[in-house]
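Take a look at the structure below.
What follows is calculated from the coordinates using simple rules that are stated; it is not laboratory data. Please read these numbers as outputs of a predicted model, since none were measured by experiment. Neighbour counts are summed over all protein chains in view; Cβ atoms, including those assigned to glycine, are modelled from backbone coordinates with ideal geometry.
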Amino acid sequence: MAETKKLMRALAGETQAVPPIWMMRQAGRYLPEYRATRAQAGDFLSLCYNSDLAAEVTLQPIRRYGFDAAILFADILLIPDALGADLWFVTGEGPRLSTITAQAEFDILKGPDDIHDHLAPIYETLRILKGELPSETALIGFAGAPWTVATYMIAGRGTPDQGPAHALKTMNTELFDALMERLTLATIEYLSKQIDAGAEVVKIFDSWAGSLKGDDFQRYALEPARQIIAALKARHPDTPIIAFPREAGDNYIGFAKATGADCVAVDNSVSPEWAAEHVQVDGCVQGNLASSHMVTGGQALIDETRRLVKAFSGGPHIFNLGHGITPDADPENVQLMIDTVREG
Ligand code: CP3
């Protein structure tokens, strides 16, 4: 049967007059129905590990807006949790983890194949979604890239400049490389199981790729992505992969070819015209409206949405934000964005 899902067609390289749309963090705190389900679950992590409720919040933005794709509701930090690091979220502040700065802390982590019992509820969420999504909606699984996940594991929290991870990389390269390798292998196993459970596409989030410069970018952003993609393609040759080396700048150029990614997601620090010229030449691009437009709305949102659709109209494109939608966004602005993309 010919592929009918708009997202899958874009990922196969088709140029469409109206691009498929979804939004990073589309299930999130800007939606009242998300806040209600989260309160029912108790807290964010309980929501991630409750398959029925995680499937419910994944479906909420699909029901409200009819996006072309649903993204699994989970978090990139579930991998450290499954490897045996302690993980908790402080409301209003963000994640906290036990730190990895010495060999002894690394030695207690589990092996890359020993994560699946812990992550079984995530695979179950995907199985539920596979049965419940409308036939035109694609299902996206995801994981964090090794570097981004390592920055949280090393520091024990989010940091403005990923300083502790850069320090470990320099001061104890052997330990840093061992952590990167463990994360690379665990990510391959995790994403492979997500595909077995029903994910039709997977996305690799490297939110802090932009802080890797020069050779470090090649070694710790590009190379792990290449390894993960090669291993997944060997097991699941028909599953497209989206890579998001956020704020990579010039390093976006050639990233798809070098890693084997089917699509590169670009943040809004680059213009759509630049991304069309330098990134879309190699295939599908996803992005890149500034998420601040979901807060401010109005004519500027309409104008910028039209500019972006036009800039990317010469090749395969998935309309999305440049980063996740923020809790202060107005749900009506999301509708305005969708109407502008679909009606011109
Ligand atoms: O896109 C989606 O809707 C899918 C689900 C998803 C979440 N996090 C849910 C979430 C995805 C793909 C992520 C990715 C993620 N998580 C990243 C990479 C992308 C990015 O945003 O840069 C990172 C760095 C994380 C780690 C993380 N999770 C942080 C730093 C925080 C706290 C900051 C914040 O926004 O609250 C989270 C929490 C988180 N992950 C929330 C959601 C919906 C908010 C939790 C809540 O309900 O309070």
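Ordered by the number of other Cβ atoms lying within 10 Å of each residue's own Cβ, fewest first, Leu185, Leu301 fall into the sequence Leu185, Leu301.
Residues whose amide H lies under 5 Å from that of Phe205, counting only those 5 or more places away or on a different chain, are Ala143, Gly144, Ala145; hydrogens are built 1.01 Å from N in the peptide plane.
Add +1 for every Lys or Arg and -1 for every Asp or Glu among the other residues with Cβ under 13 Å from the Cβ of Leu336, and state the total. The answer is -4. Proximity of backbone amide H atoms, modeled 1.01 Å from N, is registered between Ser313 and no other residue at under 5 Å, excluding neighbours fewer than 5 places apart on the same chain.
In terms of distances greater than 20 angstrom between alpha carbons, the cross-link table entries Lys110/Lys130; Lys169/Lys203; Lys130/Lys193 yield Lys110/Lys130; Lys169/Lys203.
With 0.36 nm allotted per residue and the present C-alpha distance subtracted, the Trp274-Arg307 stretch has 10.6 nm of extension available. The distance separating the Cα centre of the stretch 291-344 from that of the stretch 135-205 comes to 28 Å. Diffusion of the stretch 19-266 by Stokes-Einstein, at 4 °C in a medium of 1.567 mPa s and with Rh set to the Kirkwood radius over alpha-carbon pairs, works out to 71 µm²/s.
A Förster radius of 56 Å, combined with the Cβ-Cβ distance separating Asp117 from Gln299, puts the computed FRET efficiency at roughly 0.60.
By the beta-carbon count within 10 Å of each Cβ, the least crowded to most crowded order of Arg96, Arg25, Arg306, fewest first, is Arg306, Arg96, Arg25. The Cα center of the stretch 37-55 and the Cα center of the stretch 217-259 differ in position by 31 Å. Per residue, the chain reaches -14000 deg cm²/dmol at 222 nm when only DSSP H runs of four or more residues are counted, each adding -39500 (n - 2.57).
Expressed per residue, the C-alpha convex hull volume of the stretch 1-85 stands at 135 Å³. Modelled this way, with points 7 Å down the Cα-to-C-beta line, the labels at Thr91 and Lys257 are 5.1 nm from one another.
Karplus-derived 3J(HN,Hα) values for the stretch 180-190, using 6.51 cos²θ - 1.76 cosθ + 1.60 with θ = phi - 60°, are 4, 5, 4, 5, 4, 5, 5, 5, 4, 5, 5 Hz; glycine and proline are entered as x. Extension gain, Asp250 to Arg35: 0.36 nm times the residue separation minus the Cα-Cα distance gives 73.6 nm. Within 10 Å, Cβ to Cβ, of Trp208, how many net charges do the neighbouring residues add up to if Lys/Arg are +1 and Asp/Glu are -1? That sum, taken over residues with Cβ under 10 Å, equals -2.
Taking θ as phi - 60° and the Karplus parameters 6.51, -1.76 and 1.60, the scalar couplings of the stretch 154-170 work out to 6, 7, x, 5, x, 9, x, 10, 6, x, x, 5, 4, 5, 5, 4, 7 Hz in sequence order, x denoting glycine and proline.
Cysteines in the chain lacking any other cysteine Cβ under 4.7 Å from their own Cβ: Cys48. Amide H to amide H, with H built 1.01 Å from N, Ile318 comes under 5 Å of Val285, Gln286, Gly287, counting only residues 5 or more places away or on other chains. Whole-Hz Karplus values for the stretch 126-143 come out as 5, 5, 4, 4, 4, x, 10, 6, x, 5, 8, 9, 7, 10, 9, x, 7, 8 Hz, taken residue by residue from phi with 6.51 cos²θ - 1.76 cosθ + 1.60 and θ = phi - 60°; glycine and proline positions read x. On the basis of the beta-carbon distance and an R0 of 45 Å, Thr15 and Asp52 show a calculated FRET efficiency of 0.70.
Near Asp267, once Lys and Arg are set to +1 and Asp and Glu to -1 for all other residues with Cβ below 14 Å from its Cβ, the sum equals 0.
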